[in-house]
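The values are calculated or read from the model by the stated rules, or taken from the named source; none is laboratory data. Nothing here was measured: the structure is a model prediction, and the numbers come from that model. Because the Cβ atoms are built from the backbone with ideal geometry, glycine has one as well, and the counts that use them run over all protein chains shown.
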Amino acid sequence: MTKQLTVAIVGATGAVGSKMKEQLIKRKFPIKHIKFLASARSAGKEIEFDDKSYIIEEATPEAFEGVDVALFSAGGSVSAKLAPEAAKRGAVVIDNTSHFRMHPEVPLVVPEVNRGDLAKHNGIIANPNCSTIQMVVALQPIREKFGLSKVLVSTYQAVSGSGVSAIEELRTQSEQWDAGKDVEANILPAKSDKKHYPIARNVLPQIDVFTENGFTYEEMKMINETKKIMHLPELHVAATCVRVPVVSGHSESVYIEVENDATIQDIFNVLKDAPGVVLQDDISQQIYPMPIYVEGEDPVYVGRIRQDLDNKKGFHLWIVSDNLLKGAALNSIQIAEAMLEDNLL
Ligand SMILES: NC(=O)c1ccc[n+]([C@@H]2O[C@H](COP(=O)([O-])OP(=O)(O)OC[C@H]3O[C@@H](n4cnc5c(N)ncnc54)[C@H](OP(=O)(O)O)[C@@H]3O)[C@@H](O)[C@H]2O)c1
């Protein structure tokens with residue numbers, strides 16, 4: 001019989017936490033007991049799960065007593081403080097924030113790519129950045145067959161990637177536009193930065209704040225995390241991350257260079273059978289992935305595959321996935337499932 005586990009969701013009221021609840025039910029994760037943790041603001045409020053009502057508790061170190069798996073998505077500072085406390089009490093932490101991702105002792109895992117890294121954990125496993133996850137799921141099967149030397153990506157990222165308050169901001173701004181009122185911006189492009197710009201009827205070439213080298217933190221996450229997950233420290237990666245007025249579903253235009261000769265049919269054949277990938281590419285029928293059609297769906301969708309006109313080893317791909325699912329909640333639950341199967345839980 002499958003082991004039954006005590007699960008905690010930290011950040012249960014948030015955009016990612018809500019999807020974690022849905023995924024646990026949908027995937028029939030073996031739950032003996034579940035607890036929902038959030039800030040003191042939500043403690044004492046009710047939350048629905050599988051047709052039952054639960055009381056939200058404040059996330060404190062003691063709340064993790066007896067927990068087997070703690071799914072964290074409450075921001076980096078909460079993970080920094082509480083993930084070690086949960087691990088100390090015997091829980092395996094699967095952390096959605098960026099806090100531990102580049103820590104050398106913390107595995108950063110996308111099960112389709114580097115499941116084997118889970119065995120090296122010391123109580124904390126990091127779930128990668130949403131735009132990185134969907135990209136590496138599509139690139140890994142190509143890399144396995146033809147090698148990979150370069151990845152240049154531009155993203156078109158949905159507002160839900162910035163939490164429930166950003167979804168609300170897009171809705172409010174759209175209403176303000178329609179009513180002919182002044183448009184108010186308080187959250188995007190980055191809540192902690194000096195200026196805020198409207199996302200309704202706009203695109204923002206900034207996600208997160210800027211680093212000293214001119215790339216944003218979001219772009220640096222894609223660059224560094226791709227190399228770590230794929231175990232390719234020398235891979236040439238560059239990213240431009242852009243926020244677009246889409247509620248859910250991140251899209252990416254990706255240019256890659258492979259090491260061995262490949263034809264466009266080779267790339268099609270590899271992606272057709274790749275785990276977690278759905279090939280949606282028939283330009284004669286205008287078939288290609290789009291964010292509104294992938295919302296609520298598990299896979300990573302790939303289309304618009306083209307061989308570069310000047311470099312035979314260069315290929316262009318269009319990659320779309322639900323950022324709250326494969327980009328966050330689903331990947332976390334798949335990590336927990338893989339650990340259960342591999343007797344790591
Ligand atoms: N959205 C995405 O696509 C995505 C993808 C991957 C990773 N992530 C990461 O996941 C984290 C959450 O993202 P989100 O989009 O779900 O944000 P969100 O919608 O703003 O939700 C934040 C959650 O954190 C809780 N929280 C805030 N402060 C807390 C505290 N001091 N102690 C305990 N809980 C606290 C909130 O609880 P209250 O309701 O009580 O305030 C809420 O449940 C972020 O670190 C984000 O970078 C997000």
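For region 118-140, what are the residues that are within 12 Å of the ligand (Cβ to nearest atom) and without any contact (Cβ under 8 Å) to a residue 40 or more places away in the chain?
Ala126
Listed here are the residues, each with its yes/no results for (1) in a strand (DSSP E or B); (2) out of contact with any Phe, Trp or Tyr (no Cβ under 9 Å at 6 or more places or on another chain); (3) modelled with pLDDT under 95.
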{"site": "Ile292", "(1), (2), (3)": "no, yes, no"}
{"site": "Asp298", "(1), (2), (3)": "no, yes, no"}
{"site": "Phe315", "(1), (2), (3)": "yes, no, no"}
{"site": "Gly327", "(1), (2), (3)": "no, yes, no"}
{"site": "Gln334", "(1), (2), (3)": "no, yes, no"}
{"site": "Leu340", "(1), (2), (3)": "no, no, no"}
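Which of the following residues is away from the ligand (no atom under 13 Å from the Cβ), assigned to a helix (DSSP H, G or I) and surrounded by fewer than 20 Cβ atoms within 10 Å (Cβ to Cβ): Arg115, Arg143?
Arg115
Would it be correct to say that Ile223 is within 21 Å of Pro107 (Cβ to Cβ), in the same structural domain as Ile167 (by TED's automatic domain parsing) and outside any strand (DSSP E or B)?
Against the criterion (within 21 Å of Pro107 (Cβ to Cβ), in the same structural domain as Ile167 (by TED's automatic domain parsing) and outside any strand (DSSP E or B)), Ile223 qualifies.
Suppose we filter Asp282, Asp310, Asp298, Asp273 for residues that are within 16 Å of the ligand (Cβ to nearest atom) and assigned by TED's automatic domain parsing to the domain that holds Gly161; which single one remains?
It is Asp298.
What do you reckon, is Val209 over 20 Å from the mean Cα position of the chain (by Cα) and either surrounded by fewer than 18 Cβ atoms within 10 Å (Cβ to Cβ) or in the same structural domain as Asn96 (by TED's automatic domain parsing) (or both)?
No, not satisfied.
Could you list, in sequence order, all residues of region 1-27 that are within 19 Å of the chain's Cα centre (by Cα), among the aliphatic types (A, V, I, L, M) and away from the ligand (no atom under 15 Å from the Cβ)?
Leu24 - this is the single residue of region 1-27 that is within 19 Å of the chain's Cα centre (by Cα), among the aliphatic types (A, V, I, L, M) and away from the ligand (no atom under 15 Å from the Cβ).
When the residues of region 48-80 are filtered to those that are within 11 Å of the ligand (Cβ to nearest atom) and touching a Lys or Arg at 6+ places or on another chain (Cβ under 8 Å), which remaining residue is nearest to Leu118 (Cα to Cα)?
Going through the qualifying residues, I end up with Ala63.
If the requirement is being over 26 Å from Ser248 (Cα atoms) and free of Cβ contacts under 8 Å to residues at least 12 places away in the same chain, which of these qualifies: Lys3, Lys88, Lys52, Lys28?
Criteria check complete, one pass: Lys52.
Does Ile124 satisfy the condition of being surrounded by 22 or more Cβ atoms within 10 Å (Cβ to Cβ), under 19 Å from the mean Cα position of the chain (by Cα), of a type in the set (A, V, I, L, M) and farther than 30 Å from Val278 by Cβ?
Spelling it out, Ile124 is indeed surrounded by 22 or more Cβ atoms within 10 Å (Cβ to Cβ), under 19 Å from the mean Cα position of the chain (by Cα), of a type in the set (A, V, I, L, M) and farther than 30 Å from Val278 by Cβ.
Pairs under 9 Å by beta carbon, first residue on the phi < 0 side of the Ramachandran plot and among the acidic types (Asp, Glu) in region 163-191, partner assigned to a helix (DSSP H, G or I) and surrounded by fewer than 18 Cβ atoms within 10 Å (Cβ to Cβ), six or more apart or different chains?
Note: pairs meeting the criteria are Asp182/Gln176; Glu184/Thr172; Glu184/Gln176.
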